[in-house]
Structures are given as structure tokens and as C-alpha cells.
Amino acid sequence: MDKFVCVRLVQANALDLSLFQFDYDLTFAVFLLNADKTIYGRFGSRSDRKDAAKDISMDGFRKALAAALDLHKHYPANKASLAGKQPQSTRFKTPEDFPSLAGKYKPTLDYEGKVVQSCMHCHQVRDAERRFFRDDKKPIPDAVLYPYPMPNVAGLSLDPKEKAKVTSVAAGSPAEKAGFNAGDEILALEGQPILSIADVQWALHNAGERATINAQVLRGRKRIKLALDLAADWRRQTDIAWRTTTWDLRRMVAGGMVLQDSTAGERRAARLPDDTLALRVNYVGEYGDHAVAKRAGFKKDDILVNVDGQTGHLPESELFRYLLQRKMPGEKIPVTVLRDGARMNLDLLMQ
């Protein structure tokens, strides 16, 4: 750490979105930068609301720092290999430029007044990005709904104590078909040197709807080239239910409800087959736009068995995608719920 100039940002107010592009649902993220703003790498990953230790560690952070210092030692001769790590073009320069946030926050915090209320959170950037599409009555693209996919979307599990070392490969996954093995160390993706799991996520986040990601791995002492093929709709394997930004999606299409797939025991008790829709209502919002479902008659422990004609098995994330890409604000959709053994038909307003 003594070899870095450390800068801490504690709010998203006036954040330079043309530089700081990362998974905005994180509570801790690191950019490893040259003084000219060239990005060597990113650090910070998350796949669960509570247990961050599954994805990051001090050991992994130390190794990312050391790898960044090694890149810095060879800079600028290696600048071409870093091109893919640099920010993509962005529609808005700062969060305050998004229409849904304009005029609500100042560039600096109000330390003399209501400092908490004046602080913009990082997750509000992703909220505003989704609102931009929704308010314009356009489908929210997969890349915006499923940002920064974890490597397991391609069948890879990585060791949080290493930079990007494979611990296991899922059977039948794109990673297995590409030839990845447990123990492989991912050195590069699309020519980009990999310093962390977050760097892997960056490469996945910027991959196309269908993509082939060229990889270089270290297996023992041998460097091996692999090609990771991602088929259409590959992002949809990602679970977004843990994300803070999913709360606004629940407002948009679930009227403030939190939904969870019924367990095998619950399905047996309700006499529902495993391949059917059976989303249990775990929570119903109480206030404002998050109380739309409550006002429509939905209750906790209802089981959604038919939503707009969809009766096949769907997790909450996939149901949200279906509604966000097919149903626009103001539409009402028919929903059938199972309550105390009886079926009931309700209408749910899209927002």
C-alpha cells in the first residue's frame, strides 16, 4: 500500500462516470490507476447480500496490488494490453446528469446540514440507468439488467484468495467446453491482464449477446490458450435478487413484492409440480409505489402460479426480465395466486 497514492471516495455525488465504471451494487470497490488515469485493474466482487467473504479477501487484494505494481513497472510499454480495461463511452458524465436524479443532489455533501440525505449512493447510478429505459417505455437490455456477471455464469468458480484461480468447473458449462480445468490461473481475457475476479467480471460485462472470449491460462508451468463461447441469453443465468438495485425493479413490475421460489416441500404441500411457476410472496411493500401489490390484494405467503400466462418454472430474476422487456408502465397484467389452497385472480399494475 505504501507504493500507492491512496484516494478514498465516500459518495457518488459528481462521480466521473467516464472513468469510474464498476459494479455499482458493491459497498467496496478499488481502482488501480496510473497517474494518467490508465486503469491497471479493478478489485471488488459480490454475489450475495450478506457474505462478501465468498468473493473477496485480503489475500486476493494483496495479490491484485502486487500485480498492478508489476504492470506499472513495465508501463507504458504494455499500454496496448490495457486498452480493453479502459472505460467505455457513457451517455452521462455524472450521476446528476441522469434525468431521474437531475436536481436532487449537489456535487458536494451538505456537511453543515443534512449530510446523510445529501449523499448519493453508488447503487443509485444503476437505478437511474434502468429508469432511463423504463421511463422512456423501452425494454431494459440484458446487459443493464444483469451487470457484471460473476464467473459462475460461464461455469467457473474462482478462489477469492487468489487473483483469478479456478477452483472448479461446472459440468456441461461453457467453461468446461472451452477446456478450463480446476487449478488453472487465468492470466488474460481478450488480451487484458487479469488481476482479480472483478477483472474477469469486467470482461464478461463488456462481452456481446453472443461472444467468444479468448483466454490465456497458466496450467502448471505451461501457458494455454482457450476460447470461451457464450451462447445467446447467457447473461440470464445470473441471479440478481441479492442486488440493492433489484428493489426498484420490484417496484416496477412486482408492485413492491419480494418473491422467492417455493421449496420442494412447499410445492408438495401445494400440489404443484417442480416444472411450474410457484413464486411465494415473502414480503409486500407498505408504502407509496411499493404498496401497489398490497392495494391490488396480494398478501404475504401467496404463491404466484400464473403471471401474464407464464406458468412454467421461473426464478424471480427471470420473471422480472420477462415483464421489464415485454410490459410497459401503465399496463395491468393478470396474475393467479394460490392462497389457502384456493386460486384467486388479481391484476398487477406495471410501473
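The values are calculated or read from the model by the stated rules, or taken from the named source; none is laboratory data. These numbers were taken from a predicted model, which means no experiment stands behind them. So basically every Cβ, Gly included, is an ideal-geometry build from the backbone, and we count neighbours across all protein chains shown. Ligands, DNA and RNA are excluded from the accessible area calculation, which covers all protein heavy atoms including side chains. Shrake-Rupley method; radii C 1.70, N 1.55, O 1.52, S 1.80 Å.
Please work out the Cα center distance from the range 63-90 to the range 144-218, rounded to the nearest Å. So the two Cα centres are separated by 18 Å. Average accessible surface for the range 60-121: 65 Å² per residue, computed with a 1.4 Å probe over protein heavy atoms with every protein chain in place.
For the chain, the relative contact order comes to 14 percent (Cα pairs under 8 Å, sequence separation of at least 6). With 19 Å as the limit on Cα-Cα distance, the pairs of 85/222; 161/225; 37/73; 137/332 that go past it are 85/222; 161/225.
Shown are 31, 132, 98, whose ranking by accessible area with a 1.4 Å probe and every protein chain present, most to least, is 132, 31, 98. In order along the range 155-168, the phi-based Karplus estimate (6.51 cos²θ - 1.76 cosθ + 1.60, θ = phi - 60°) of 3J(HN,Hα) comes to x, 10, 10, 10, 7, x, 8, 10, 5, 7, 9, 6, 9, 7 Hz; Gly and Pro are listed as x. The accessible surface of the chain, taken with every protein chain in place and a 1.4 Å probe, is 51 percent carbon and sulfur. Based on the Cβ-Cβ distance from residue 66 to residue 135, what FRET efficiency comes out when R0 is 45 Å, to the nearest 0.05? Once rounded, the FRET efficiency stands at 0.50. Phi angles of the range 196-206 translate, via the Karplus equation with coefficients 6.51, -1.76, 1.60 and θ = phi - 60°, into HN-Hα couplings of 6, 4, 4, 5, 5, 4, 4, 5, 5, 4, 9 Hz per residue; Gly and Pro are given as x. Axis angle, to the nearest 10 degrees, between helix 123-135 and the longest C-alpha principal axis of the chain: 50 degrees. Taking Cα centroids, how far is the range 293-351 from the range 251-284 in Å? Each part's Cα centre sits 10 Å from the other's.
Computed from the C-beta positions of residue 1 and residue 93 and an R0 of 25 Å, the FRET efficiency is 0.25 to the nearest 0.05.
Computed on protein heavy atoms with a 1.4 Å probe, the accessible areas place 262, 168 in the order 168, 262, largest first. The angle between the Cα long axis of helix 58-73 and the main principal axis of the chain comes to about 50°, on a 0 to 90 degree scale. Heavy-atom accessible surface of the range 250-303, averaged per residue, reaches 50 Å², computed with a 1.4 Å probe.
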